[in-house]
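Enquirer: This is the structure I have questions about; it appears just below.
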């Protein structure tokens, strides 16, 4: 008969620390050492509470027996685990049989993990969306508290093989593709005249509202393949889609929302915070779908508020450079490797493309009707402009020699993170589009309004 169990005979780190903190030293029934120890019944009740918080009876042969379960998770010996099972089977099993219920501590009952309740995080996400729309947009304490709860320790998460969910891209490691729609020949000529400037991210103060940025905040939206990039820019029939590649030129820290689905959550079921952490992990596994929800045209100003808040938190609080998420516009299409098509957004501080000086050239584009409809070639000519001679200025006094030259400063002080890949531009003329659709079944019924009111209570 076991009376006391010391901390050395319990392997679970959380339980071990709790027992070790006890001031009462007793003779351990397991190792016969006098150490800080807990009474057998008190430990059994502590373990049982955790079991029924995180596991449920399977009503079949599936899962582990009660003794196997507590042996694994509490880290106690097999004999002690069987003794605890027998203790509960004798005390609670008798009452269950008397009431006509099943003995949950019998060897015939298996235990499996209980479903994770993510209602707290789902409701928090809906509340954040509502609050940003109707309450406070810029100084929202409730939104900050929810974002802290969900994302603050994300940098410490890793998937099953130990790889962090935040990836660090080395210079030259990744090439991204970005596209723009040219609705006129003049726009097409402009894009081709300086792809680095025209196909890169917009300058600060000029960017339109996006899923991860407010209006006026520069961001680089790109993809890893042309098909995904084309789906995202949604070129209309009769337009040209212009694409270019950009390579990373400095280290970037990127969060892959897809990786959160494989985050490995370790801990003790006896830790009161464990339930919250696994619930949060389960919510994050679905967050890629949440953040990729389509927003209808015209509703971007309000529909993107919550995702913009997430982006600001990741950029400002966690100091990340960007985030990868599933492409909404690509629908159910997948890459050749079978993975969902992904978008990448680089936040403002990491969105700048290294400038390319094209001031000495004038680009001329020629498209005729035959080329537009059937041919695949465009005629582009870059004219080298003559260099302008600067007029010499006579120094009027010795004081002119002390005045520093007026060098125009770069209005964009951000450090470039990307470089345009030379000769990577491609152009597609859009003849038509296709849609990934689902037919909806329609059912219609007729009810009397008077009858409906009778049913209301």
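Enquirer: Can you tell me the orientation of helix 305-316 relative to the chain, as the angle in degrees between its alpha-carbon axis and the longest Cα principal axis, to the nearest 10?
Expert: Helix 305-316 sits roughly 90 degrees off the main axis of the chain.
Enquirer: Another question about this same structure. Rg and Dmax of the stretch 61-192 over Cα atoms: what are they, in angstrom?
Expert: In order Rg, Dmax, the Cα atoms of the stretch 61-192 give 27.7, 86 Å.
Enquirer: What is the extension gain from residue 98 to residue 436, computed as 0.36 nm multiplied by their sequence separation minus the C-alpha to C-alpha distance, in nm to one decimal?
Expert: Numbers: separation 338, 0.36 × 338 = 121.68 nm, distance 5.91 nm.
Length gained, residue 98 through residue 436: 115.8 nm.
Enquirer: Counting only DSSP beta bridges with both residues in the stretch 119-350, tell me the antiparallel percent, nearest 5. Don't jump to the answer; show the numbers that get you there.
Expert: Working: 26 of 29 bridges.
Here the share of antiparallel DSSP bridges comes out near 90 percent.
Enquirer: Let me ask something else about it. How big is the Rg/Rh ratio for the stretch 119-350, C-alpha atoms only, Rh by Kirkwood, two decimals? Please report the intermediate quantities before stating the final value.
Expert: On the way: Rg = 18.5 Å, Rh = 18.9 Å.
Rounded to two decimals, Rg/Rh equals 0.98.
Enquirer: Under a point spin-label approximation (7 Å from Cα along Cα-to-Cβ), what is the residue 354-residue 120 distance to one decimal in nm?
Expert: 4.8
Enquirer: Extension gain residue 319-residue 206, at 0.36 nm per residue separation less the Cα-Cα distance, in nm? Mind dumping the intermediate values first?
Expert: Details: separation 113, 0.36 × 113 = 40.68 nm, distance 2.32 nm.
The span from residue 319 to residue 206 would gain 38.4 nm if fully extended.
Enquirer: Expressed as cubic angstrom per residue, what is the convex hull volume of the alpha carbon set of the chain? Each step should come with its number before you reach the end.
Expert: Numbers: hull volume 137.6 nm³, N = 457.
So the per-residue Cα hull volume is 301 Å³.
Enquirer: What residues of the stretch 44-86 lie in the reach of a label at residue 106, counting those whose backbone N is under 19 Å from a point 7 Å from the Cα along Cα→Cβ?
Expert: 56-69, 82-86
Enquirer: Which angle from 0 to 90°, rounded to the nearest 10, does the C-alpha axis of helix 40-54 make with the longest principal axis of the chain?
Expert: So the inclination is approximately 40 degrees.
Enquirer: Now a separate question. Which angle from 0 to 90°, rounded to the nearest 10, does the C-alpha axis of helix 78-98 make with the longest principal axis of the chain?
Expert: The helix 78-98 is inclined about 70 degrees to the chain.
Enquirer: Mind pulling up the Rg/Rh value for the stretch 4-110? Radius of gyration and Kirkwood radius, both on Cα. List each step's numbers first, then the result.
Expert: Values: Rg = 14.5 Å, Rh = 14.4 Å.
With Rh from the inverse mean 1/r over Cα pairs, Rg/Rh is 1.01.
Enquirer: I would also like to ask the following. Quick check: residue separation of residue 153 and residue 79 times 0.36 nm, minus the Cα distance between them. What number comes out in nm? Working shown, then result.
Expert: Details: separation 74, 0.36 × 74 = 26.64 nm, distance 3.86 nm.
Gain in length upon complete extension: 22.8 nm.
Only the coordinates and a few stated rules stand behind these numbers; no lab work does. Since we're looking at a predicted model, the values are computed, not measured. When we count neighbours, we look across all protein chains shown, and the Cβ atoms used for this are built from the backbone with ideal geometry, even at glycine.
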